[in-house]
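Visitor: Please read through the structure below; I'll follow up with questions.
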Amino acid sequence: MPLIELKEVSKVFKQGATPINACDNIDMKIQPGEFVAIIGPSGSGKSTLLQLLGGLDGPTSGEITIDGHDIVKLKQSKLTEFRLRNIGFIFQHFNLIPTLTAEQNVESAIDKRSSNDRSTSRKMLANVGLESRAKHLPTRLSGGEQQRVAIARSLVNNPKIVLADEPTRNLDSETGAEIMELLAELNKNEGRTIIVVTHSSYVRKLADRLFEMNDGQLAEKE
Ligand code: ADP
Ligand code: MG
């Protein structure tokens, strides 16, 4: 059974006179443990697709099944809980809280119902090679280090799925490659299913499958 399945998923934004088909009738199946990359020009619907995959936004039509759950039909509170437990998010701008240390940023994402605590945060930081930076504020960290903190934060509830929206966009190419390698390790060593939207051509070497978005339509590339 696929871990993620999209059937005829569309997202239309109605702003002004002409509706925008940000996602246009998308079918997609992702198996557990796959490392999937999505490329495509700016405005082609990549972020919208990732938001739908993560239940951050709902589709205009179509079905989205994740780990056997029809997430389109879940009530908001159930969806929030499902997301917390199953999906980690990584963004282009890192989205760290500036007044919290690296460790506190990771800790802030812990599911309150779990038994995870500061030691989990420490472990997660060590996992991304940042143990020695635990007490630093984001402003004292390089871009690559900030993104590592964000990755540690995304993993703190042990999600099966990690969604990353252009995680290397604000990094130089060498640091970007290191971050992609780190995501690939999380996939290979920990079996996490990873979907990354990226402009980096480097990801082609690492990903199991490559998709391209164009005007809201998704196509798999060889
Ligand atoms: P990408 O991530 O590939 O750059 P997006 O998914 O951000 O593309 O956007 C796809 C299209 O949908 C664009 O035309 C964008 O302007 C539009 N769009 C995205 N989000 C919204 C929104 N919340 N409201 C209206 N239009 C949106
Ligand atoms: Mg985008």
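Visitor: For the range 105-126, which residues satisfy the criterion of being farther than 21 Å from LEU79 by Cα and in contact with a Ser or Thr (Cβ under 8 Å, 6 or more places away or on another chain)?
Guide: VAL106, GLU107
Visitor: Among the residues of the range 1-16 satisfying the criterion of being more than 13 Å from ligand 1 (Cβ to nearest atom) and not β-branched (Val, Ile, Thr), which is farthest from LEU218 (Cα to Cα)?
Guide: MET1
Rundown of residues vs (1) out of contact with any Cys (no Cβ under 7 Å at 6 or more places or on another chain); (2) among the aliphatic types (A, V, I, L, M), yes/no style:
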| residue | (1), (2) |
| --- | --- |
| ILE4 | yes, yes |
| VAL12 | yes, yes |
| ALA17 | yes, yes |
| ASN21 | yes, no |
| ASN25 | yes, no |
| MET28 | yes, yes |
| VAL36 | yes, yes |
| GLY45 | no, no |
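Visitor: Kindly provide the set of residues from the range 1-28 that are outside any strand (DSSP E or B) and either polar (S, T, N, Q) or modelled with pLDDT of 95 or more (or both), ordered by number.
Guide: PRO2, LEU3, GLN15, THR18
Visitor: Output the helices (runs of 4 or more DSSP H) that fall wholly within the range 45-117 and possess 1 or more residues being surrounded by 20 or more Cβ atoms within 10 Å (Cβ to Cβ) and within 16 Å of ligand 2 (Cβ to nearest atom), or say none.
Guide: Filter on the range 45-117 gives 46-53.
The values are calculated or read from the model by the stated rules, or taken from the named source; none is laboratory data. Values in this document were obtained by computation on a predicted structure and should not be read as measured data. Ideal geometry is used to build each Cβ from the backbone, glycine not excepted, and the neighbour counts take in all protein chains shown.
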